[in-house]
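The values are calculated or read from the model by the stated rules, or taken from the named source; none is laboratory data. The model shown is predicted, which means the values in this text are computed figures rather than measured ones. Glycine also receives a Cβ, built like all others from the backbone with ideal geometry; neighbour counts cover every protein chain displayed.
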Amino acid sequence: MPASTVEMRADGLNRVAICLVGLGLHSGHITRETESALSKCRRVFFIHPGSTMQDWIRTLDADAEDLSMFYRPGVRRSLIYREISAHVLHQAQTLAPVALALYGHPLFFSTLSRMVLAGSQWLKMKSLVLPGLSSIDAIFADLQIDPGEVGLQIHEATELLLHKRSIDPIRGLLVFQPAQAGDLLHSDRASLSPFSLVTDYLLRYYPGSHSVYLVRSATEPWERATTLSVPLASIPEHGITLPADFTVYVPPL
């Protein structure tokens, strides 16, 4: 693909205040479009767990700001997201164009991105969103599945439990962030682990012996994905041994 084609949208940054870009899961997932946009922004704000990604971003902007410093133990995520969005929007008013570079795809399960876009619209600042490879794309590759073959349902764990979403057991199911499930639930079951809450809900639709996958995709180029196939009923037992950012994939019955 010609470089001029790749840079076409990024060249319009002089007309926008905020550019939201997806970094993918690791530095090997950076698109040429994202690289072009980041190199043209006057300031880059980012959130990504990978050290190689952080180092790479600072080759484009030595003053790039790691927004993970806003995360503090015991502070609700909603408040942290408000603080970050206010900070980015404030900086965009004087430094435009600025970039907010996020893990994966900038609009896939990102409350922060929605807040920033809403704020930029309210402040009448133009924004641009550039896609990135998301965790769902990596999971398709890690498990070698084609969602077009069996269908796919996608839920965030707390949202699934809070709104009691219906599940079709003859289609594939992805449940993201099971380790954070139950944060918004206030009931006599709150003492149960988040994995138990998710497992009990899934047992309404599947037998306990049904095989599911616990997946954590790589966040560094040299890493390999973690994929465990376990009986549904044993998710709580195996979940506590995995990093908090794993995902549950339930194949169809």
Which numbered condition Ser85 misses (of (1) assigned to a loop (DSSP other than H, G, I, E, B); (2) of a type outside the set (A, V, I, L, M, F, W, C); (3) over 16 Å from the mean Cα position of the chain (by Cα); (4) buried (at least 18 other Cβ atoms within 10 Å of the Cβ)): (1)
Spans of helices (runs of 4 or more DSSP H) in the stretch 1-82 with at least 2 residues under 17 Å from the mean Cα position of the chain (by Cα) and modelled with pLDDT under 95: 51-60
So, in the stretch 216-253, exactly how many residues are of a type outside the set (Val, Ile, Thr), closer than 16 Å to Leu173 by Cβ and in contact with a Ser or Thr (Cβ under 6 Å, 6 or more places away or on another chain)? 2
Test each condition in (1) of a type in the set (D, E, K, R); (2) within 30 Å of Ser27 (Cα to Cα); (3) touching a strand residue (DSSP E or B) at 6+ places or on another chain (Cβ under 6 Å) for Glu220 and report the one that comes out false. (3)
Restricting the stretch 162-183 to residues that are of a type in the set (A, V, I, L, M, F, W, C) and either assigned to a strand (DSSP E or B) or surrounded by 21 or more Cβ atoms within 10 Å (Cβ to Cβ) (or both), the one modelled with the lowest pLDDT turns out to be Ala181
Would you mention how many residues in the stretch 106-126 are at pLDDT 95 or above and either among the β-branched types (Val, Ile, Thr) or in the same structural domain as Ser229 (by TED's automatic domain parsing) (or both)? 1
Pairs needed: first member in the stretch 20-32, touching a residue at least 12 places away in the same chain (Cβ under 8 Å); second member anywhere, acidic (Asp, Glu) and not in a loop (DSSP other than H, G, I, E, B); C-beta distance under 9 Å; at least 6 residues apart or different chains. Val21/Glu33; Gly24/Asp137; Leu25/Asp137; Ser27/Asp55; His29/Asp137
Can you confirm whether the stretch 119-126 contains a residue that is closer than 26 Å to Thr247 by Cα and either buried (at least 18 other Cβ atoms within 10 Å of the Cβ) or in contact with a Gly (Cβ under 9 Å, 6 or more places away or on another chain) (or both)? no
Condition check for Asp146: surrounded by 15 or more Cβ atoms within 10 Å (Cβ to Cβ), among the charged types (D, E, K, R) and either outside the structural domain of Arg77 (by TED's automatic domain parsing) or at pLDDT 90 or above (or both): no
Can you pull out every residue in the stretch 235-249 that is touching a residue at least 12 places away in the same chain (Cβ under 8 Å) and not in a loop (DSSP other than H, G, I, E, B)? Ile235, Pro236, His238, Gly239, Thr247, Val248, Tyr249
Could you run through the stretch 198-233 and say how many residues are of a type in the set (A, V, I, L, M), free of Cβ contacts under 8 Å to residues at least 60 places away in the same chain and under 13 Å from Val248 (Cα atoms)? 8
